[in-house]
Amino acid sequence: MRVIRSLALAASLFSAGPALAAGSAPTPPDAGFGFAGLFGTFDRGALQRGFQVYKEVCAACHAMRQLSYRNLLEIGLSEAQVREIAAQFQVTDGPNDEGQMFERPARLSDRFRRPFPNEQAARAANNGAYPPDLSVIVKARPHGANYLFALLTGYVDPPPGVEVMEGMHYNAWFPGHQIAMPNVLNPDGVEYADGTPATVEQQARDVTTFLAWAAEPELEQRRRMGVQVLIFLAILGGLVYATKRKVWADVKH
Amino acid sequence: MPTRKEGDSPCGGDIEVIAMAEMVTAQGASQGAGAPEVTKRDFLKLTTTAFAAVGVGAIVWPFIASMNPARDVLALASTELDLSPIAVGQSVTVMWRGKPVFVRHRTPEQIAAARAVPLSELKDPATDESRAPRPEWLVMIGVCTHLGCVPLGQKPTDPAGDYNGWFCPCHGSHYDTSGRIRRGPAPTNLEIPPYTFTSPTQIRIG
Amino acid sequence: MAIGLHDSPFKNPVIRWIDQRLPVFTMMQKEYGTFPTPRNFNYFWNFGALAMINLLIMIATGIFLAMHYTPHTAYAFDSVERIMRDVNYGWLIRYVHMNGASMFFIVVYIHIWRGLYYGSYKAPRELLSMLGVDIFLLMMATAFMGYVLPWGQMSFWGATVITNLFSAIPLVGQDIVIWLWGGFSVDNPTLNRFFSLHYLLPFVIVGVVFLHVAALHITGSNNPLGIEPKGPQDTLPFHPYYTIKDSVGMVAYFAVFGFLVFFMPNYLGHPDNYIPANPLSTPAHIVPEWYFLPFYAILRAVPDKLGGVVLMFGSIAILFVLPWLDTSKVRSMRFRPIARIFLLLWTINFFVLMWVGAKPAEGHYVQIAQIATVIYFAYFLVVLPALGRLEKPLPLPESIARAVLGPNATLGGGPVPGAAAAKPMDKA
């Protein structure tokens, strides 16, 4: 009885959580991602296709500074494939013995090459808008993956009477609806190696999956470990409770 | 737990004796007087304790593991080097696992000098063939085996020591063109790191 | 006390040798082994032990995080991401630390609420209770500075807003804020000192916890009936009865904790803190971590800057004088039918404050916050002092054992002298 009361109290403390995320923005619909559920995992095919979309489309403006090429081994690419991908990019190294910085092809241990050397350069090249780093973007936006998917597929004509500012684009899901990023996903804008038809929705779904993995690469291991821990605690809980009953058996309380 | 209602005051003599008696039973049992009940409890306690101990052990492991080299550190545990720009007679120094690695493109004279030395003259006998499987390329860790200084000899202007190899300025150890110790306090030859040729002009150290 | 070797009861020669010279084993045996503890604790009495465990978890995970963290504005965010990605089990240690802060506040809020309901703060436990409030304040300071360390947007703007509170102090306010910052805005010097203090304060907490427990072992624990044990029939040795009962609570606590860490580690956090700190752009609306929301709501309820700050700190400081504000002689609200209702309302009001603290400070939210603030203080300043005189409490049982065993329980063994001394309606 009192246990229930204390649990109820704990539960009501938890329910304060969603209030934090509540803002004026509408809640994007559930896009039904496979990794979204409590036991969900990432689809390796979607991850590899998503990386292709990032590399060929997003990477022109958006950095992912927390990721290294070696991380791509985790999405199911072979070492040879990743080496080949890394070698396509020139990174700055140095200084050499003459004190000069120099360019060389990227290696596994190098971070993803950034499209702009710093924020100012990025703004200068994008009409003053800063394309944010995408490493943890899924964790950095309310509703995470669902929001990104809605955003990427949310470029629609502005409703009548809405004036879109110079250099801005109308998006149904961006807070305030005026976004500097144009609609960059086009049908067959990329050509998937595995033959998947590259619709806009497919590309958005794949790149969102890739970004969700990039933000939480530990997700699968974490959930697996969580199941083990909770099973262990369930057994331990049973044992401890039985012991408690035995210890207290001869005391009325 | 029964809560008391008004008017429950005790009548007469049956006072708190009750609880005392109970206490005695409880303590007697916990000290393990030999009833079968007790054995069962002890077994349960043992199982529970063992289980909890496993749990504590499992908690400790991530902490210990977190102090091992992280994945970004391990990713730098091997260094790749393109040999093609290194001319004959030239040396380069690369960092590998926080230490300098000397890579020298040896001249035929240097190779010949290294191979001509009889093993009996060496403090730490090792053939040049064992140290440089591809004779023109000598790859070794540039840390003096005496007390850890970095020997000189990589640049043409450096003192190369009495054996035209490397010279450690700290305590005067002289190394030959195979990086073997010839004179001075260092006990062993310069160490050879594990490396492989991934192509004729490319090596991976580590 | 006589000088000379302690007369140790232990048989094991090694333990005995140590115990004779430094009687730590005797002390442990006395304070955690045979320590007489009321026999009628319910599961609310788990939360003190849980808070202690939680503190240890925070210190352990914190020490290991500090091995990998870089307290510099240019590297802090990236070093946290490196912990999440590259350090072995770094994500686990960080998520445990991050959610451990929330768990700590959940546990301590329940612990405090238990004290409010069962009157644990009343004589002779006033100092015990005040030490607890000290711990709570230190926890809040530690949590606040810890939240700054990842150097995300909420870290930076939270630090800016909270340190600016001190500018409300007349005359010297601005100088104090500059002194806190070590500069003219929240910047690298601020981050550095927050890291230093965030590492220090938990050990100060350990010290105050020691005093809190020491004071507890002088007065003994309160219990759900709120009446003092009158003899051995009312108590049980702490071990094994309460070690095992605390263990039951601990497993349940770990299950909740584990579920948070493994399945929803960012649920209680704010997405904006995964955006690196940017001094040029303030987030749309700044909210503190959930456990600060009630106090944040009180701060914003007052239109005056200084007044808001005073009221916010006052809302916690009032707990220091609570033992003297509550004039009732009866501890446990089981026997205070009216006070019980008011405490329930106050509790609901606390959640209202928490909810409104997360809302923007505009429109009706401000009025709700103002009403809730008045209710918060009225409970302590009006209700409790008045109820002590007006309320007629239910009759108290004359002893714990009597209440536990029922009025008609009888057992053989003859009367025990002294155990019969209890008078009905004792002063409690």
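Does C:P189 satisfy the criteria of being surrounded by fewer than 20 Cβ atoms within 10 Å (Cβ to Cβ), at pLDDT below 95 and over 19 Å from C:G269 (Cβ atoms)?
On the way: surrounded by fewer than 20 Cβ atoms within 10 Å (Cβ to Cβ): yes; at pLDDT below 95: no; over 19 Å from C:G269 (Cβ atoms): yes.
Considered against the rule, which asks whether it is surrounded by fewer than 20 Cβ atoms within 10 Å (Cβ to Cβ), at pLDDT below 95 and over 19 Å from C:G269 (Cβ atoms), C:P189 comes out as no.
Pick from the stretch A:62-79 the residues that are open to solvent by 30 Å² or more (accessible area, probe 1.4 Å) and in contact (Cβ under 8 Å) with a residue 40 or more places away in the chain: which of them is farthest from A:R49 (Cα to Cα)?
Here the answer is A:R65.
Just wondering, is there one or more residues in the stretch C:94-114 that are of a type in the set (S, T, N, Q), out of contact with any Gly (no Cβ under 8 Å at 6 or more places or on another chain), part of a helix (DSSP H, G or I) and at pLDDT below 95? So far as the stretch C:94-114 goes, no, none of its residues is of a type in the set (S, T, N, Q), out of contact with any Gly (no Cβ under 8 Å at 6 or more places or on another chain), part of a helix (DSSP H, G or I) and at pLDDT below 95. Looking only at the stretch A:156-170, residues that are touching a His at 6+ places or on another chain (Cβ under 8 Å) and either in a strand (DSSP E or B) or within 14 Å of chain C (Cβ to nearest Cβ) (or both) come to 1 in all.
For A:Q120, the criteria (1) open to solvent by less than 70 Å² (accessible area, probe 1.4 Å); (2) within 14 Å of chain C (Cβ to nearest Cβ) hold in every case but one, which is (1).
Taking residues in the stretch B:29-57 that are surrounded by 11 or more Cβ atoms within 10 Å (Cβ to Cβ), and partners anywhere that are at pLDDT below 90 and assigned to a helix (DSSP H, G or I), the pairs with Cβ atoms closer than 6 Å and at least 6 places apart or on different chains are B:G32/B:V38. For the stretch A:171-218, give me each residue that is away from chain C (no Cβ under 14 Å), open to solvent by less than 40 Å² (accessible area, probe 1.4 Å) and more than 17 Å from A:Y155 (Cα to Cα). Selection gives A:V190, A:Y192, A:T196, A:A198, A:D206, A:T209, A:F210. One residue stands out in the stretch A:138-155 among those that are touching a residue at least 40 places away in the same chain (Cβ under 8 Å), within 19 Å of A:A172 (Cβ to Cβ) and at the interface with another protein chain (Cβ under 8 Å from one of its Cβ atoms): the one that is least open to solvent (accessible area, probe 1.4 Å), namely A:G144.
Scanning the stretch C:164-186 for residues that are assigned to a helix (DSSP H, G or I) and buried (at least 21 other Cβ atoms within 10 Å of the Cβ) gives no hits. Taking the stretch C:13-71 as the range and being closer than 30 Å to A:K252 by Cα, loosely packed, with under 15 Cβ neighbours inside 10 Å and in contact (Cβ under 8 Å) with a residue 40 or more places away in the chain as the test, the residues that pass are C:E31, C:T34. Quick check: is even one residue across the stretch A:221-239 under 26 Å from the mean Cα position of the chain (by Cα), within 30 Å of A:Y192 (Cα to Cα), more than 7 Å from chain C (Cβ to nearest Cβ) and assigned to a helix (DSSP H, G or I)? Yes, that holds for at least one residue. Considering each residue of the stretch C:230-237 in turn, none proves to be open to solvent by 20 Å² or more (accessible area, probe 1.4 Å), at pLDDT 95 or above and not polar (S, T, N, Q). Output yes when any residue across the stretch C:332-341 is surrounded by 15 or more Cβ atoms within 10 Å (Cβ to Cβ), in contact with an Asp or Glu (Cβ under 9 Å, 6 or more places away or on another chain), of a type in the set (K, R) and within 26 Å of C:L127 (Cα to Cα), and no when none is. Yes, the stretch C:332-341 has at least one match. One residue is enough: does the stretch B:112-123 have a residue meeting the conditions open to solvent by 30 Å² or more (accessible area, probe 1.4 Å) and under 30 Å from C:Y69 (Cα atoms)? No: the stretch B:112-123 contains no residue that is open to solvent by 30 Å² or more (accessible area, probe 1.4 Å) and under 30 Å from C:Y69 (Cα atoms).
The values are calculated or read from the model by the stated rules, or taken from the named source; none is laboratory data. Keep in mind the model is a prediction, meaning the values are calculated, not measured. Note that each Cβ is placed from the backbone with ideal geometry, even for glycine, and that neighbours are counted across all protein chains shown. We work out accessible area using only protein heavy atoms, side chains counted, and drop any ligands, DNA or RNA first. Shrake-Rupley method; radii C 1.70, N 1.55, O 1.52, S 1.80 Å.
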